[in-house]
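Report on one structure; see the data block that follows.
The values are calculated or read from the model by the stated rules, or taken from the named source; none is laboratory data. It should be emphasised that the depicted structure is a prediction, and the values quoted were computed from it without experimental measurement. Because the Cβ atoms are built from the backbone with ideal geometry, glycine has one as well, and the counts that use them run over all protein chains shown.
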């Protein structure tokens, strides 16, 4: 039970945290000025030099392996809907870690996406 | 109230309450349209809008509505790439893996042989290319838009997956799944109504 809870925390919190580290790295790297392949490749190359990228990749990798471990003894139909909580954790993390302004409209949107993703996965 | 010599992102980041300029940047010049109906949209610049908000004309390099529109356009294009590339990549890899026959993970030579067969398939390489495109588009989208904007919007990929399942794989999709996709779309439409970026350019 304890291990299960820990793995869920790993999948949801660490996985989303990893993505947020990626977001932080990209914000530090700068904005893509023009939608051109050359500009995009240059920006991505610059991003690889930011430490947050690598912290994010490590966190996402550990979340992925936790997911595999969790799936070895839990049903997929239970694990994936719980993982939809990613969106809520993402909203909270955006406010407190990335300093974004998450308005009530965005919260409603995030809540609906959470419900929708759960429905899609349950229906499978 | 608004300060002089700022960028759109500065104003959005500070988000001062009751600042007309902030409302204007969120709602793309609704104030100007309401208050100066005679002003042609393309000629209305941030200078005018802030004059209305503060009573002082600041130095603004670019019209705010142009920055807003460009940011939204770039973000939409990248999100569109994300929601197509991810399901297509997954589909191609799934198809490729079905064609390579039996998959054995043990002993090691058997696993290496599986890898050999998998990477000898063009479909798998096409799938990997799609997934790399997805990751790149995700990173580029995050370089300009909020995480709390991009993450929910990317959930539209579930809709693309369902469409692919019906039209490419000929599978049937249950009404509950379509209902879930409709709820996702509704959620994304709420997120879309917010400004894609609420933080400053660099930290």
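Numerical summary
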item: Those residues of the stretch A:20-42 which are surrounded by 20 or more Cβ atoms within 10 Å (Cβ to Cβ), in a helix (DSSP H, G or I) and facing another protein chain (nearest Cβ under 7 Å), in sequence order; result: A:20, A:22, A:23, A:26, A:27, A:29
item: Subset of the stretch B:172-187 [more than 9 Å from residue A:116 (Cβ to Cβ), part of a helix (DSSP H, G or I) and either more than 7 Å from every other protein chain (Cβ to nearest Cβ) or modelled with pLDDT of 95 or more (or both)]; result: B:175, B:178
item: Unique residue being touching a residue at least 60 places away in the same chain (Cβ under 8 Å) and either more than 7 Å from every other protein chain (Cβ to nearest Cβ) or crowded, with 21+ Cβ neighbours inside 10 Å (or both) when the list is B:160, B:191; result: B:160
item: Residue within the stretch B:88-106 that is out of contact with any strand residue (DSSP E or B) (no Cβ under 9 Å at 6 or more places or on another chain) and closer than 30 Å to residue A:97 by Cα present; result: no
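Residue-by-condition table, conditions (1) away from chain B (no Cβ under 11 Å); (2) touching a helix residue (DSSP H, G or I) at 6+ places or on another chain (Cβ under 7 Å); (3) not in a helix (DSSP H, G or I):
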{"residue": "A:58", "(1), (2), (3)": "yes, no, no"}
{"residue": "A:89", "(1), (2), (3)": "no, yes, no"}
{"residue": "A:99", "(1), (2), (3)": "no, no, yes"}
{"residue": "A:110", "(1), (2), (3)": "no, yes, no"}
{"residue": "A:117", "(1), (2), (3)": "no, yes, no"}
